[in-house]
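Peer 1: Handing you a structure now.
The values are calculated or read from the model by the stated rules, or taken from the named source; none is laboratory data. Because the structure is predicted, anything quoted here is derived from the model rather than measured. Counting neighbours? That spans all protein chains shown, and the Cβs are built from the backbone with ideal geometry, glycine included. Note: areas computed on protein heavy atoms with side chains; ligands, DNA, RNA excluded. Shrake-Rupley method; radii C 1.70, N 1.55, O 1.52, S 1.80 Å.
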Amino acid sequence: MDSPLSKPAVFRFAPSPNGLLHLGHAYSAMLNHALAMAADGRFLLRIEDIDTVRCRPEYEEAIYRDLHWLGIEWERPVRRQSEHFPFYQRALDELIARDLAYPAFLSRAEVRERMARFEASGEKWPRDPDGAPCYPTEERRLERTLALRWIAEGRQHAWRLDMDAAIEAAKGKLAGRSLEWNEAGNGPDGETGRVPAQPDRWGDVVLSRPDAPSSYHLSVTLDDAAQGVTHVVRGKDLFHATSVHRLLQVLLDLPEPQYRHHELVLGADGRKLSKSNRDTGISAYREKGLSPADLRALFARDGLVLD
Ligand code: GLU
C-alpha cells in the first residue's frame with residue numbers, strides 16, 4: 001500500500017485570465033496555498049483559458065504578479081488549458097463514441113425563445129442551478145445523418161452531454177454505489193459530509209462550443225485528474241457544478257478528489273465581487289499601500305478562515 005508520505009496532497013488554484021483577480025480570488029489562492037503548506041503538500045496554479053476570446057495575456061500576467069505579491073509560490077511549468085485542447089477533444093470523442101454526447105445546434109437566444117413560448121402557457125421551463133434555461137431534451141433526438149450533414153455544411157454547433165444517458169451509464173459503473181462526494185466545506189444550504197450529486201439539475205451541459213473547444217466542466221474535471229489534484233478547494237458558487245464533475249469522473253474512470261467549497265468574499269453591497277470592478281481588484285489594494293497581512297486581517301474580520 002502507498003504510504004501517505006509517497007502521495008502528497010495536491011491543491012490547486014485555477015483562475016481564468018478574463019479579468020483582474022479580486023479579493024475573492026486572493027482568499028481562494030491564499031487558502032489553497034495555506035492548506036497545501038500545512039499538509040506538506042503541493043500547490044499548483046492552473047490557467048483556465050479555454051475561452052480564447054475573453055482570456056487575454058495581460059490578465060494572465062496580472063495573475064502571476066498578484067500571486068507573487070501575495071507571497072504565494074507555485075510549481076512550474078504552469079498548466080495552461082489552451083495548450084491542451086487535443087487532450088479534452090479525446091475525452092469528448094470517447095463520450096460521442098459511447099453515445100453520451102450529441103451535436104446541439106440551438107443558440108442561447110433560440111433556447112430562450114423556446115422557453116418564452118413554452119412559459120407563455122403558464123408552465124415552468126427547467127433552469128439549471130445557475131438559473132440558466134436547460135437545453136431542450138427533444139434536441140437529443142435530432143436525426144444523426146441530418147446532424148452530420150449540418151456539421152459538414154459548417155453549421156455552428158456545440159456538443160452536449162445527454163444527461164439521462166450519462167446518468168444511466170454512470171449507474172452501470174457505480175454498481176449500486178450512489179453518486180456523491182465528500183464535502184469538507186459547506187454548500188449554499190449547509191450541505192456537508194457525503195453530499196449526493198444531482199447532475200440532472202443541470203440538464204444537457206455543454207462539453208464543447210464553437211468559440212471554446214472544451215467546456216469548463218470537461219476541462220476542469222480532466223485536468224484535476226491529469227494533475228493528480230487530491231483536494232479541490234474553491235468558492236461556494238461552484239458547489240453545484242461538482243455534481244457534473246463527479247458524473248464525468250465516474251464516466252471517464254477518473255479518481256474522486258476531496259472537495260471544500262469556501263465562503264465567498266462579498267462586496268460592501270453584500271453582493272458577489274466581479275472581475276470588472278477595478279476597486280476590488282487585488283492590484284487596487286496593492287496600489288492603496290495595503291499589504292497581504294492587511295488582506296488576511298480583512299478576511300479574518302469577515303470570518304474567513306485560512307486553515
Ligand atoms: N476557472 C474557474 C474560475 O475562475 C475556477 C475553476 C475551479 O476552481 O474549479 O471561476
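Peer 1: Could you tell me whether any residue of the stretch 282-299 is touching a helix residue (DSSP H, G or I) at 6+ places or on another chain (Cβ under 9 Å), within 16 Å of the ligand (Cβ to nearest atom) and not β-branched (Val, Ile, Thr)?
Peer 2: Scanning the stretch 282-299 turns up no residue that is touching a helix residue (DSSP H, G or I) at 6+ places or on another chain (Cβ under 9 Å), within 16 Å of the ligand (Cβ to nearest atom) and not β-branched (Val, Ile, Thr).
Peer 1: Restricting to the stretch 94-106, what's the tally of residues that are small (Gly, Ala, Ser) and surrounded by 13 or more Cβ atoms within 10 Å (Cβ to Cβ)? Show your work before the answer.
Peer 2: Quick first cut of the stretch 94-106, residues small (Gly, Ala, Ser) only: 97, 101, 104.
Restricting the remaining residues to those that are surrounded by 13 or more Cβ atoms within 10 Å (Cβ to Cβ) gives 101, 104.
Matching residues across the stretch 94-106 total 2.
Peer 1: Oh, and also: Can LEU106 be described as under 30 Å from ARG144 (Cα atoms), more than 17 Å from the chain's Cα centre (by Cα) and not in a strand (DSSP E or B)?
Peer 2: It is true that LEU106 is under 30 Å from ARG144 (Cα atoms), more than 17 Å from the chain's Cα centre (by Cα) and not in a strand (DSSP E or B).
Peer 1: Let me ask another. Which pairs do you get when a residue that is over 16 Å from ASP237 (Cβ atoms), found in the stretch 273-284, comes within reach of a residue that is aromatic (Phe, Trp, Tyr), reach meaning Cβ atoms under 9 angstrom, with the pair 6+ apart or on two chains?
Peer 2: From the stretch 273-284, the pairs are ILE282/TRP69; SER283/TRP69.
Peer 1: When the residues of the stretch 227-253 are narrowed to those that are open to solvent by less than 20 Å² (accessible area, probe 1.4 Å) and among the hydroxyl-bearing types (Ser, Thr, Tyr), which ends up farthest from the ligand (Cβ to nearest atom)?
Peer 2: SER243
Peer 1: If you don't mind, there's one more thing I want to ask. Could you list, in sequence order, the residues of the stretch 10-35 that are assigned to a helix (DSSP H, G or I), within 14 Å of VAL232 (Cβ to Cβ) and either open to solvent by 20 Å² or more (accessible area, probe 1.4 Å) or more than 13 Å from the ligand (Cβ to nearest atom) (or both)?
Peer 2: Passing the criteria: only LEU35.
Peer 1: So ARG112 passes all but one of these: (1) touching a residue at least 40 places away in the same chain (Cβ under 8 Å); (2) part of a helix (DSSP H, G or I); (3) closer than 30 Å to ARG56 by Cβ; (4) more than 23 Å from the chain's Cα centre (by Cα). Which condition number does it fail?
Peer 2: The number of the failed condition is (1).
Peer 1: Looking only at residues in the stretch 36-65 that are assigned to a helix (DSSP H, G or I) and over 12 Å from PRO17 (Cα atoms), which one is nearest to the ligand (Cβ to nearest atom)?
Peer 2: Initial filter on the stretch 36-65 (assigned to a helix (DSSP H, G or I)): 36-38, 57-65.
Checking which are over 12 Å from PRO17 (Cα atoms) leaves us with 36-38, 65.
Values: ALA36: 14, MET37: 19, ALA38: 19, ARG65: 17 Å.
This residue is ALA36.
Peer 1: Moving to a separate point now. Take the residues in the stretch 285-304 that are open to solvent by 20 Å² or more (accessible area, probe 1.4 Å) and touching a residue at least 40 places away in the same chain (Cβ under 8 Å); name whichever of them is farthest from SER16 (Cα to Cα). Don't jump to the end; show me each part of the working.
Peer 2: As a first pass, look at the stretch 285-304 and keep what is open to solvent by 20 Å² or more (accessible area, probe 1.4 Å): 285-294, 296-298, 300-303.
Applying the additional criterion that residues be touching a residue at least 40 places away in the same chain (Cβ under 8 Å) yields 285-286, 292, 296, 298, 303.
On the way: TYR285: 20, ARG286: 21, PRO292: 22, ARG296: 23, LEU298: 24, GLY303: 26 Å.
By that ranking, first place goes to GLY303.
Peer 1: Okay, next question. Can you give me the number of residues within the stretch 243-292 that are modelled with pLDDT under 90 and not in a strand (DSSP E or B)?
Peer 2: 13
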